[in-house]
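Since the structure comes first, as structure tokens, the remarks are kept for the end.
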Amino acid sequence: MGSRANYVVVEGGDWTLHRSHWGAGRVATDLAHGPAAATRCFRANSRVDDALRTDPDGWLDDVWCEGAALVDHDRRMLLWYCDEWDGWARYAAQRAVLARTWPGWEIRWASDGLGDLHDHLGLGRGFTRRDAEPQEAGAPFWERPDEDDTRTLLTVRRPDGRVRAWGSPLEVVDQLGGGEALLGLLPDDASVPGLATMPDSGIHLDQLTRTIGVWTTVPMVGLRSWPLPGWAGWELCLWGDDHTRQAAASDDVVHLPEVDLTAELRRWLERVGEPPLDSWPRILQALAPPPGSELTAVVNPSAAVPHAGPEPTGAERVALRAAFAAVLAEQPGAGG
């Protein structure tokens, strides 16, 4: 129970590890006021003993860690991700605001989840994955998604140079899990998908060069353990969260919809100043045994520790509102 998060703060050549039982769903919100406020927030949450920083047991693993952030003051780099997904528009709104409140910083979506954080720290991508079962190729799979259910946009340049496109309801790693036999399942006579909303990921496969380009705005844990089973001899190109790379590689065969972020920005602006919710009283109420029962509730002690929010200064609040105003002014309907 909870939405657990890991946080890392790097400064002065050293780093500390922190965690929160309730922080994963608000990673972007805790980052919104800029590096100083985010650093105060993460340091205010439970600190993991330094002796356990380089022990896998000191970290939440891929299953339990639903969000994370690494703030590297020495290299002015931010790595972050969150498993809580509510559409491309929310991610794009968050990314646009962070670009203004973290000026001069390199902001990177950690598409490999904790693997990106561990790699940055020199621990290796397999640091908490050493006991994971080796991946095996499953059966290739593709089905036409329902309307507005395209999670991943697939484009393929066939050996004759023609480009075809399909939608998929699967996320990237699942879609590639059956190996290159996937290419035989994609019907060339399918019509180009009409997208009412933006997908959250894209895969471009070039059969001429045997390269795969991938962009994503959701974690795709394990993809960097390339080649995945069934893709030997294929080169992987990671495009971060840049969907324009797929558009260019596929000759713009699919029209990606222009998304107005106004509604999402306004929703986030209403929430961003709210203090973290203390869920402990509700948990105790939900777990209370029936009257007369001899049952005893057993709860992880960390669940009793509320998440510590950023507590921004007045100047940081003003700067954040200015960032929201600037991004809102850039939206398609702002001049109307």
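The values are calculated or read from the model by the stated rules, or taken from the named source; none is laboratory data. No experiment lies behind these values; they were computed from the predicted model shown. For neighbour counting, all protein chains shown are included, and Cβ atoms are generated from backbone atoms with ideal geometry for every residue, glycine included. SASA here: full protein model, heavy atoms, side chains in, ligands and nucleic acids out. Shrake-Rupley method; radii C 1.70, N 1.55, O 1.52, S 1.80 Å.
Collect the residues in the range 181-218 that are closer than 16 Å to Val254 by Cβ, hydrophobic (A, V, I, L, M, F, W, C) and at pLDDT 95 or above, keeping them in residue-number order. Those that are closer than 16 Å to Val254 by Cβ, hydrophobic (A, V, I, L, M, F, W, C) and at pLDDT 95 or above: Ile203, Leu205, Val214, Trp215. Just one of the listed residues (Val272, Val192) is among the hydrophobic types (A, V, I, L, M, F, W, C) and touching a helix residue (DSSP H, G or I) at 6+ places or on another chain (Cβ under 8 Å), and it is Val272. Of all residues in the range 19-35, those satisfying the criterion of being out of contact with any Phe, Trp or Tyr (no Cβ under 8 Å at 6 or more places or on another chain) and over 15 Å from Ile107 (Cα atoms) are His21, Trp22, Ala24, Gly25, Arg26.
Against the condition open to solvent by 10 Å² or more (accessible area, probe 1.4 Å), farther than 20 Å from Val8 by Cα, of a type in the set (Gly, Ala, Ser) and not in a strand (DSSP E or B), how does Ala93 come out, does it pass?
Details: open to solvent by 10 Å² or more (accessible area, probe 1.4 Å): no; farther than 20 Å from Val8 by Cα: yes; of a type in the set (Gly, Ala, Ser): yes; not in a strand (DSSP E or B): yes.
Against the criterion (open to solvent by 10 Å² or more (accessible area, probe 1.4 Å), farther than 20 Å from Val8 by Cα, of a type in the set (Gly, Ala, Ser) and not in a strand (DSSP E or B)), Ala93 does not qualify.
Does Ala5 count as open to solvent by 40 Å² or more (accessible area, probe 1.4 Å) and either closer than 19 Å to Trp268 by Cα or small (Gly, Ala, Ser) (or both)?
no
A single member of Pro140, Pro145 is open to solvent by 20 Å² or more (accessible area, probe 1.4 Å), in a loop (DSSP other than H, G, I, E, B), touching a Pro at 6+ places or on another chain (Cβ under 8 Å) and at negative phi, and it is Pro145.
When Leu154, Leu186, Leu182, Leu208 are checked against the criterion of being buried (at least 19 other Cβ atoms within 10 Å of the Cβ) and in contact with a strand residue (DSSP E or B) (Cβ under 7 Å, 6 or more places away or on another chain), a single residue qualifies: Leu154.
So for the range 117-137 (the condition being open to solvent by less than 20 Å² (accessible area, probe 1.4 Å) and either aliphatic (A, V, I, L, M) or more than 18 Å from the chain's Cα centre (by Cα) (or both)), does at least one residue qualify? Looking through the range 117-137, at least one residue is open to solvent by less than 20 Å² (accessible area, probe 1.4 Å) and either aliphatic (A, V, I, L, M) or more than 18 Å from the chain's Cα centre (by Cα) (or both). Count of the range 157-179 residues, restricted to those that are open to solvent by less than 60 Å² (accessible area, probe 1.4 Å) and not in a loop (DSSP other than H, G, I, E, B), is 11.
Yes or no, residue by residue, for (1) open to solvent by 10 Å² or more (accessible area, probe 1.4 Å); (2) part of a loop (DSSP other than H, G, I, E, B); (3) small (Gly, Ala, Ser); (4) farther than 21 Å from Pro312 by Cβ:
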site	(1), (2), (3), (4)
Trp22	yes, yes, no, no
Ala38	no, no, yes, no
Phe42	no, no, no, no
Cys65	no, yes, no, yes
Tyr81	no, no, no, yes
Val97	no, no, no, no
Gly104	yes, yes, yes, no
Ile107	yes, no, no, no
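Only a single criterion out of (1) under 13 Å from Tyr7 (Cβ atoms); (2) free of Cβ contacts under 8 Å to residues at least 40 places away in the same chain is not satisfied by Asp30, namely (2).
Residues in the range 234-245: is at least one closer than 30 Å to Glu330 by Cα, touching a helix residue (DSSP H, G or I) at 6+ places or on another chain (Cβ under 8 Å) and either modelled with pLDDT of 90 or more or not hydroxyl-bearing (Ser, Thr, Tyr) (or both)? Yes; the residues of the range 234-245 include at least one that is closer than 30 Å to Glu330 by Cα, touching a helix residue (DSSP H, G or I) at 6+ places or on another chain (Cβ under 8 Å) and either modelled with pLDDT of 90 or more or not hydroxyl-bearing (Ser, Thr, Tyr) (or both).
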